[in-house]
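What follows is a short report on a single structure.
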Amino acid sequence: MTTPASKRTTLSRAYRDGLAEEMARDDSIVVLGTDLYERGGHWAQVTNLGPQFGRDRVRNAPISEAAMVAAGVGAAMNGLRPVVDLNFLDFAFGAMDEIVNQAAKVRYWWGRPVPLVVRGTTGFAGGGAQHNNPIESWFGHVPGLLMAYPSTPYDAKGLIKSAMRGEDPVIFAMHKMQTGTRGEAGGPDDLVPFGQAVIRRPGRDVTVVSYGVMAPKALAAADRLAADGIEAEVIDLRTLMPLDLDLVEESVRRTRTLVVAAEDYRHGGVGAEIAAAMQESLFRELDAPVLRIGAPFAPVPHSPVLLEALTPGAEDVERLAREVVKTATGGRPQ
Amino acid sequence: MRAHTVPVEGEDAGIDLSGIDPADARDWLARMLLIREFESTAGPLATSGEIPGGMHAATGQEAVAVGITSVLGPEDVAAASHRSHHVALAKGMAPRSVMAELFGKASGCAGGRGGHMHLADFSVGFDGSNGIVGAGLGIALGAAFAQGYRQDGHCAAGFFGDGGANTGRVWEFVNLAAAWKLPLIVVCENNGYAVETPVGAAMAGESVANRAAGFGLPAVQVDGQDVAAVHRAAADAARRARAGDGPTFIEALTYRHLGHDIGERGQYRTTEEVEWWQTNRDPINRMRVALEKSGDLDEAGFADLAAQATARVKDAVEYAAAAPLPDPATVTDAVTSFALKVRGNQ
């Protein structure tokens, strides 16, 4: 998969490197957002891109999300490839019309490409209810938008490169707690296609579908399960639109059990779609009900003990995986 | 500057044609006639249901669209509001393509997927009408951003109404355009009413243009029923934009003769008020009178322009009525640039 240029880095730096490589290749790419040129963004996601590419291409914008995204949509319809960096994905609320009612529909009406990326950091962390909303399911529910949610440096780089060469508006989510996630990143030609999930760890006993911050949590759970002889197959979706249900289905056909692990609210989240799709396709092949891990239904609280109570963890994945395996095997130990 | 009110009785309704090529003036009149005929024909078809989904007619506001677009070429961009047949046609969209879209036909400009609030033709630089109040200005803002980035000497015009002037996004757009000196012409079509709410009841401050001036860009008020006056304001704005001097704000005081939507029976304004505007400030009549006075158009000449408009709209309706409907099997096509696999679509 990797070329000689691959190296160990962080998710945030890998994103930046991927964007920098594409900007060097294509001068129609511009980045706009608050605090980008000097500060490099609030998550070091564009560190040094300002000095490298200049103020025309890395633009500090006023705190006007609607204006930033509108400028991005109209420019994308007119030959540019803008990246609107919202820093926090929550700030998309100030530009929902521009994202949902404008960017997402232009192709459907007029066949016009809208090569726009709206990037934001998301997911549960300290800072309270307004900076930590899980909103990936909202965007995954809008026809016309693509939705990336990489969990590794390799995918962050490969997916932003694919996004910059595509023709569709992309919501690009990166989890706060994964900003510093370390790993290999690919070289200049290592693109990660949208809509292709990956098996992070093969296993025969139970399929665990995850994305974003839940991917490493699912892998940690799989390690603990393995100590007891339960082999979990961990899938990382990588993009939520397109959603690679074919790989999930192929895996569940083998394991005959499924746990869906998302940090998003369990109620009405993307995990519900996966669970529903699998029972539609595989009802007779399933040896246990599909179980879902997700956050309980409450705003994100400030106090660390409350936040901990809301945040799904590796232990939740482990617990539910044991439960489905127990049901599947009729209570016999593995 | 003034709020939107009925002009004082006896105020001069004449149009100053000095410095204007009579051939241009006749062309503007022809465009206004085409728009008037188009909406006068489409309106009843929307009421009867032949055109599904209703429509918002801009009848009475033709001079704003024609005056602004008179300074724009096909490489320049316009984007407009939910009421924008006039801008679409003035920018050069083919009546057939627009009418077929209203009819929901496959050969409409959006393949029947858009409707009258989602007209666009990128080959003539019309980047779309818009169902969301104020949002068309945002598309024009983005086009101007691209033009400014390329420094290609082109510009963009974004239209919205007095209702849009009370949305937050409009002022975010104006601020960004001014801060980044984008080649944007900001056009507020103040027709006096946001659906049924009069400007005076909804808008604080002296006027929209006055509000805009606070953003540090030139902001002018213009008689939106005088196509030559709109043209002059637009020409100044386009010159500034193309020279890299940034955006201009134009508030055009205008009036819609018909309801917010076709078939509306509103009680929010008097018949006398509507008739006053139709009689004394109709942009087509005023231009016709001015051209007749200057000797650049006679009765036969006007009849000829009107007949051309009638013929083009008749052709558009015949075309649209006969055009094939979209294939229902295509309803999920082209949501994305590639074949998107979503379970349950089949």
* Structure fact -> Scalar couplings 3J(HN,Hα) for the range B:112-121 by Karplus 6.51 cos²θ - 1.76 cosθ + 1.60 (θ = phi - 60°), nearest whole Hz, x for Gly and Pro, are x, 8, x, x, 5, 8, 9, 8, 7, 8
* In which sequence would B:LEU141, A:LEU282 go, from the one with the fewest C-beta neighbours within 10 Å to the one with the most? -> A:LEU282, B:LEU141
* Cα-based Rg and Dmax for the range A:198-327, where Dmax is the largest Cα-Cα distance (Å) -> 13.8, 44
* Asked: On average, how many beta carbons from a partner chain sit within 10 Å of the beta carbon of a residue in B:106-119?
  -> 2
* Distance histogram for the range A:119-252 (every C-alpha pair counted, 10 angstrom bins, percent rounded to whole numbers) -> 12, 40, 35, 11, 1
* On Cα atoms only, tilt of A:153-165 relative to the major axis of chain A in degrees -> 50
* **Under-5 Å amide H pairs with A:GLU285, H placed in peptide plane, nonlocal only** => none
* Note the angle between two axes, namely the Cα long axis of helix A:270-282 and the longest principal axis of the Cα atoms of chain A, as a number of degrees from 0 to 90, rounded to the nearest 10. => 50
* Structure fact -> For chain A, longest principal axis from Cα atoms; helix A:214-227 axis from its Cα atoms; angle between them, nearest 10 degrees, is 30
* Structure fact -> Ranked on Cβ counts within 10 Å of their own Cβ, fewest leading, B:HIS56, A:HIS267, A:HIS131 go A:HIS267, A:HIS131, B:HIS56
* Structure fact -> A student asked for the Cα radius of gyration and Dmax of the protein assembly as shown in angstrom ought to give 28.4, 101
* Asked: What does the convex hull of the Cα atoms of the range A:1-107 come to per residue, in Å³, rounded to a whole number?
  -> 123
* Can you spot the lysines whose alpha carbon is less than 25 Å from B:LYS91's alpha carbon? Ignore those fewer than 8 places along the same chain. => A:LYS105, B:LYS105, B:LYS181, B:LYS314
* **Most fluctuating residue given options B:VAL195, B:VAL187, B:VAL227, as computed from a GNM of chain B linking Cα atoms under 10 Å** => B:VAL195
* Quick one: divide the alpha-carbon radius of gyration of chain A by 2.2 N^0.38 Å and tell me what you get. => 0.99
* Ranked from highest to lowest mean number of other Cβ atoms within 10 Å per residue, what is the order of the peptides A:99-112, A:202-215? -> A:202-215, A:99-112
* Asked: What residue among B:GLU189, B:GLU50, B:GLU273 shows peak mean-square fluctuation when chain B is described by a Gaussian network model with Cα springs under 10 Å?
  -> B:GLU273
* Asked: Near A:LYS326, which aspartates and glutamates are there with a Cα under 19 Å away, not counting those fewer than 8 places off in the same chain?
  -> A:ASP205, A:ASP223, A:ASP228, A:GLU231, A:GLU233, A:GLU285, A:ASP287, A:GLU315, A:ASP316, A:GLU318
* Using only the Cα atoms of the range B:108-217, each taken as one equal point scatterer with no solvent, compute I(q) by the Debye sum, divide by I(0), and report log10 of the ratio at q = 0.13, 0.14, 0.18 Å⁻¹. => -0.52, -0.60, -0.92
* Structure fact -> In whole Hz, the Karplus estimates of ³J(HN,Hα) for the range B:30-39 (6.51, -1.76, 1.60; θ = phi - 60°; x where Gly or Pro) are 4, 5, 5, 5, 4, 4, 4, 5, 4, 6
* Structure fact -> Checking the range A:1-96 for GluC sites (Glu not before Pro) in a loop per DSSP with at most 11 other beta-carbon atoms within 10 Å yields A:GLU38
* Taking the convex hull of the alpha carbon atoms in the range A:116-171, what volume per residue do you get, in Å³? -> 81
* Structure fact -> For A:LEU32, the residues 5 or more places away or on another chain with a placed amide H closer than 5 Å to its own amide H are A:ARG59, A:VAL83, A:VAL84, A:ASP85
* To do: Collect residues whose amide H, placed 1.01 Å from N in the peptide plane, falls under 5 Å from the amide H of B:GLY128; neighbours closer than 5 in sequence don't count.
  => B:ALA80, B:ASP121
* Sorted by Cβ density within 10 Å, fewest first, the residues B:GLU318, A:GLU263 -> B:GLU318, A:GLU263
* Asked: For q = 0.08, 0.09, 0.11, 0.13 Å⁻¹, what log10 I(q)/I(0) does chain B give under the Debye formula with an equal point scatterer on each alpha carbon and no solvent?
  -> -0.37, -0.47, -0.71, -0.99
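The numbers here are math on the coordinates, done by the rules we state, and not lab data. Not measured: the values here are computed from a predicted model. Backbone-built Cβ (ideal geometry, glycine too); neighbour counts: all protein chains shown.
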